[in-house]
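The values are calculated or read from the model by the stated rules, or taken from the named source; none is laboratory data. What you see is a predicted model; the values in this text were computed from it and never measured. So basically every Cβ, Gly included, is an ideal-geometry build from the backbone, and we count neighbours across all protein chains shown.
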Amino acid sequence: MASPSVARRAPRPEVNSDDVVMMRAAELAEWARRNARAVIIATVAVLLAVGAALYYQVYKSQRAARAAGAYLQVQAGLPNDTTQAIRALQTFTSSYPGTSEADEARIAAAQLLMAKGDAARAVETLRPAAKSGSPVSLQARYALGAALAQAGKRQEAMDTFLEVADDAELGYMKRNALNQAALLREQANDWKGAADLYRQMLEGLDKGTGDRTIVELHLSEAQARAGVAAPAAK
């Protein structure tokens, strides 16, 4: 039997769903009234953040467009004198830092420096582009490997080429990087290591193609010099 207190308890009236919505709206309005200052500050902060993000995107787009146009002008007007051409490219990189065009200019300047035999300066010119993460940073890293090899930094050059091979999405870029690393291993008399890299190169080449035949010849030579009698990879 229910206790007297339970028996006397009046049933709770049902609340209409529309009434619930109105009650919640009234509560929210009252909260907003009491915290009007905080609401205004939060709203302004959000609007400022959105505005700043939009401004930055527009600024980046406009800056990229200016850099592209300016780099075309630099390329068209490069002096025949190598030293002056290098100076013009370096001036451009200083004027448009952080752009893909600046990285392209660094690659071009480094190639000219290597042609002059100044591999050390080429290395320093390329390092920022190799680390930038721009669309041409992989090409910059490949050029950096070549500059390091010319500068006599063989191990760092090999490591750089192998990193490029790991990150490259295009087959030809991967094979070129592996080939450069293999050649450096040959120079170090690491014929077994070179053979390992030639095997990796074969994985992306179809049978019967000229490129595969050339790699198979390099592999056979490396295996012979290493004293390895294993057949070429399938």
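Numerical summary
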| item | result |
| --- | --- |
| The range 75-87 residues that are free of Cβ contacts under 8 Å to residues at least 24 places away in the same chain, paired with ones that are hydrophobic (A, V, I, L, M, F, W, C) (beta carbon under 7 Å, 6 or more apart) | LEU78/ALA85; LEU78/ALA88; PRO79/ALA85; PRO79/ALA88 |
| Filtered residues of the range 188-208 (kept if of a type in the set (A, V, I, L, M, F, W, C) and farther than 17 Å from ARG175 by Cα) | ALA188, TRP191 |
| Set ARG33, ARG24, ARG37: member being farther than 18 Å from ALA102 by Cα, in a helix (DSSP H, G or I) and modelled with pLDDT of 75 or more | ARG24 |
| Failed item in (1) of a type outside the set (Gly, Ala, Ser); (2) without any contact (Cβ under 8 Å) to a residue 24 or more places away in the chain; (3) in contact with an Asp or Glu (Cβ under 9 Å, 6 or more places away or on another chain), with LEU148 passing the rest | (2) |
| Matching residues, the range 90-131, being of a type in the set (A, V, I, L, M, F, W, C) and more than 22 Å from THR160 (Cβ to Cβ) | PHE92 |
